[in-house]
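Visitor: The structure under discussion is supplied below as structure tokens; questions concerning it will follow.
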Amino acid sequence: MQRATRNPVYNARIPSMFHTRCARICCLLFSLLLLPLESRGDQWQSPVIQLAQKIVAATGPGAVACDLTNRSSLGNTTADEIHRQLLGELESLNVHAAPADQAAATVHVTLSENLQNYVWVAEIQMGNSQSSVVMVSLPRPQEAVAERSVGLLTVHKALLWTDDNRILDVALPAENPPHMIVLEPETVVLYELQSGRWQQQQSLTIPHSQAWPRDLRGRLVLQKDHLFDVYLPGVFCRSTPAAPLGINCRESDDPWPLAPRQFPLNAFFAPKRNFFTGVLSPGIQKQTTTSPFYTAAALPRDKYTLWLLAATDGQVHLLDGLTDQTAKLGWGSDIAGVRTGCGTGWQVLATATNADARDTVEAFEIPDREPVVVSQAVEFDGSIMALWADSDSATVLAVMQKSETGKYEAYRLSLTCGQQSDFDGDR
């Protein structure tokens, strides 16, 4: 898997200061205070007119049902004002707002953005005909967004298991006494915690007719009606629902789940390689394909989910159902979303490689499609081989191969809120 070094984190630009005579200060402040009030209504006039004209070119005059969804960093008050202006402009072009059951066309407007521009998209449906899409874009302001008040988070790592055999994934069912499931290339091994130590209870062989690819990856997914599912390249296994536990395996090209059940998105895995092909199932709204990628992280928003995909070309793709934006963030090939309640509520854990060729994990928030680091980096004594969110996204499972010994270690990663003075206790 590709590795990358971290890029610098950019801070907000320091505002300029003006020196004037005292007699001119009051006039200047007065004009500055009035300027936003006078220009606020005109700020969106040009793109609103452009979008309205493109909509009317598709619908013609008549009655339309027009709604608007805000998926940008603009506030809801601003989005409501844009919607009001758009309806007014459509009215001036003889297109009148009406309920959906009385309209000749429906228009769904989405306010989105990328790293440089606001992107407004209108999806137009005329009767039973195929929908059409029109859009306009305008530059985002260059001045930096005011700094967010986000305290640093602490990333904790707890060692779960060490093994000479390769560890592909680990799962911890919510059982008493505690149990642990370890996925290895040829077996699924079940352990039970007894007197503070993990004791092996059962080892289940994974049958497969084809040789595994060199850089093998695998996924354990806990289930409700049976204990677990196993995803491997070209192979799918399901545990039996009752004791004595067994597994049933078959050749399969079914897509793998990318995140816990609350985010129902799957992707097809390249059976001879170590990455996902970019074909999504069922898709992020109408987005069903993207570039090949290694891992994904889901970040819930108010009205949609932002997906981050660590692509094989070293870029990170940000998909929201309408746009597929790319950014060079300096992350490694392993990312995972985690729910903490800190800051915005959800963060992304991302790997990178430090100067000593050892991997690190850092937490980021994505307030305006641009990542903000919210933790210090936690170092590992080797390379991260897997990073998966657990079944409720509260913690993340990390598998590492030690540089010196070649052994594999599995860790559980968690985050706590608030700035800490000592970040070394869990390293």
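Visitor: Does the stretch 127-138 hold any residues that are closer than 18 Å to G62 by Cβ, surrounded by fewer than 18 Cβ atoms within 10 Å (Cβ to Cβ) and either in contact with a strand residue (DSSP E or B) (Cβ under 6 Å, 6 or more places away or on another chain) or of a type in the set (K, R) (or both), and which are they? If you could, list the steps in order and put the result at the bottom.
Guide: The first filter runs over the stretch 127-138 and keeps only residues closer than 18 Å to G62 by Cβ, leaving 127-129, 131-132, 134.
Add one more test, that the residue is surrounded by fewer than 18 Cβ atoms within 10 Å (Cβ to Cβ), and what stays is 127-129, 131-132.
Across the stretch 127-138, the qualifying residues are S131, S132.
Visitor: So, one more: Determine whether the stretch 143-154 contains at least one residue that is modelled with pLDDT under 95, among the hydroxyl-bearing types (S, T, Y) and closer than 17 Å to A398 by Cα. Even if it seems obvious, please write down each step before you answer.
Guide: Narrowing the stretch 143-154 to residues modelled with pLDDT under 95: 143-154.
Restricting the remaining residues to those that are among the hydroxyl-bearing types (S, T, Y) gives 149, 154.
Now drop any that are not closer than 17 Å to A398 by Cα, which leaves 154.
The answer is yes, given that some residue of the stretch 143-154 is modelled with pLDDT under 95, among the hydroxyl-bearing types (S, T, Y) and closer than 17 Å to A398 by Cα.
Visitor: Could I ask something else about it? Just to be sure I understand, how many residues within the stretch 257-273 are closer than 19 Å to E186 by Cβ and either surrounded by 13 or more Cβ atoms within 10 Å (Cβ to Cβ) or within 25 Å of the chain's Cα centre (by Cα) (or both)? Quick ask: steps written out before the conclusion?
Guide: To start, the set of residues in the stretch 257-273 that are closer than 19 Å to E186 by Cβ comprises 269, 271-272.
Subsequent filtering for residues that are either surrounded by 13 or more Cβ atoms within 10 Å (Cβ to Cβ) or within 25 Å of the chain's Cα centre (by Cα) (or both) retains 269, 271.
Matching residues across the stretch 257-273 total 2.
Visitor: If you don't mind, another one. Could you tell me which of the residues A104, A100 is aliphatic (A, V, I, L, M) and within 15 Å of V56 (Cα to Cα)?
Guide: Details: A100 fails: within 15 Å of V56 (Cα to Cα).
None of the other options fit; the residue is A104.
Visitor: Among the residues of the stretch 356-363, is any assigned by TED's automatic domain parsing to the domain that holds G218 and under 14 Å from the mean Cα position of the chain (by Cα)?
Guide: Taking the stretch 356-363 first, the residues assigned by TED's automatic domain parsing to the domain that holds G218 are 356-363.
From what's left, under 14 Å from the mean Cα position of the chain (by Cα): 363.
So far as the stretch 356-363 goes, yes, one or more of its residues are assigned by TED's automatic domain parsing to the domain that holds G218 and under 14 Å from the mean Cα position of the chain (by Cα).
Visitor: Here's a follow-up. Mind checking whether some residue in the stretch 240-251 is closer than 25 Å to E123 by Cα and of a type in the set (A, V, I, L, M)? Write out each step before concluding.
Guide: Let us first name the residues in the stretch 240-251 that are closer than 25 Å to E123 by Cα, namely none.
Looking for residues that are closer than 25 Å to E123 by Cα and of a type in the set (A, V, I, L, M), one finds none in the stretch 240-251, hence no.
Visitor: May I ask you to verify whether I206 is within 27 Å of T405 (Cβ to Cβ) and under 29 Å from the mean Cα position of the chain (by Cα)?
Guide: Working: within 27 Å of T405 (Cβ to Cβ): yes; under 29 Å from the mean Cα position of the chain (by Cα): no.
When the stated conditions are applied, I206 does not pass them.
Visitor: Which of the residues that make up the stretch 76-108 are in contact with a Ser or Thr (Cβ under 8 Å, 6 or more places away or on another chain) and either under 17 Å from S132 (Cβ atoms) or not in a helix (DSSP H, G or I) (or both)?
Guide: V95, A104, A105, V107, H108
Visitor: Test A363 against the stated conditions and say whether it is aliphatic (A, V, I, L, M), closer than 27 Å to S112 by Cβ and buried (at least 21 other Cβ atoms within 10 Å of the Cβ). Walk me through it before giving the result.
Guide: Values: aliphatic (A, V, I, L, M): yes; closer than 27 Å to S112 by Cβ: yes; buried (at least 21 other Cβ atoms within 10 Å of the Cβ): yes.
So A363 fits the description; yes.
Visitor: Would you be able to say whether some residue in the stretch 197-211 is of a type in the set (G, A, S) and farther than 28 Å from Y294 by Cα? Give the steps one after another, and end with the answer.
Guide: We begin by selecting, within the stretch 197-211, every residue of a type in the set (G, A, S); these are 203, 209, 211.
Still in the running and farther than 28 Å from Y294 by Cα: 203.
Yes, that holds for at least one residue.
Visitor: Across the stretch 338-351, what is the number of residues that are part of a strand (DSSP E or B) and either touching a Phe, Trp or Tyr at 6+ places or on another chain (Cβ under 6 Å) or surrounded by fewer than 21 Cβ atoms within 10 Å (Cβ to Cβ) (or both)? Please lay out each step first, then the result.
Guide: Step one: of the stretch 338-351, the residues part of a strand (DSSP E or B) are 338-339, 346-351.
Those still in the list that are either touching a Phe, Trp or Tyr at 6+ places or on another chain (Cβ under 6 Å) or surrounded by fewer than 21 Cβ atoms within 10 Å (Cβ to Cβ) (or both) too: 339, 348, 350.
Number satisfying all stated conditions: 3.
Visitor: Would you call P371 at pLDDT below 90 and either surrounded by fewer than 20 Cβ atoms within 10 Å (Cβ to Cβ) or farther than 23 Å from F263 by Cα (or both)? Break it down into steps so the answer makes sense when it comes.
Guide: Numbers: at pLDDT below 90: yes; either surrounded by fewer than 20 Cβ atoms within 10 Å (Cβ to Cβ) or farther than 23 Å from F263 by Cα (or both): no.
No: the conditions fail for P371.
Visitor: Moving on to the next point. Given the conditions (1) charged (D, E, K, R); (2) over 16 Å from E123 (Cα atoms); (3) part of a helix (DSSP H, G or I), report the number of the one that D42 does not fulfil.
Guide: (3)
Visitor: Do the conditions hold for L397, that is, is it buried (at least 22 other Cβ atoms within 10 Å of the Cβ) and part of a strand (DSSP E or B)? Step through it out loud before you land on a result.
Guide: Values: buried (at least 22 other Cβ atoms within 10 Å of the Cβ): no; part of a strand (DSSP E or B): yes.
No, not satisfied.
Visitor: Output the number of residues of the stretch 173-189 satisfying the condition of being touching a strand residue (DSSP E or B) at 6+ places or on another chain (Cβ under 7 Å) and at pLDDT 95 or above. Break it down stepwise before answering.
Guide: Of all residues in the stretch 173-189, those touching a strand residue (DSSP E or B) at 6+ places or on another chain (Cβ under 7 Å) come to 173, 177-183, 186-189.
Still in the list and also at pLDDT 95 or above: 180-183, 186-189.
Residues meeting the conditions: 8.
Visitor: Can you pull out the residues in the stretch 59-74 that are surrounded by fewer than 18 Cβ atoms within 10 Å (Cβ to Cβ) and over 34 Å from the mean Cα position of the chain (by Cα)?
Guide: G60, P61, G62, A63
Visitor: Can you confirm whether the stretch 317-325 contains a residue that is surrounded by fewer than 21 Cβ atoms within 10 Å (Cβ to Cβ), touching a His at 6+ places or on another chain (Cβ under 8 Å), within 12 Å of I366 (Cβ to Cβ) and not aromatic (F, W, Y)?
Guide: Checked the stretch 317-325: at least one residue is surrounded by fewer than 21 Cβ atoms within 10 Å (Cβ to Cβ), touching a His at 6+ places or on another chain (Cβ under 8 Å), within 12 Å of I366 (Cβ to Cβ) and not aromatic (F, W, Y).
The values are calculated or read from the model by the stated rules, or taken from the named source; none is laboratory data. All of these numbers come straight from a predicted model, not from anything done at the bench. Every residue, glycine as well, gets a Cβ built from its backbone with ideal geometry; the counts of neighbours run over all protein chains shown.
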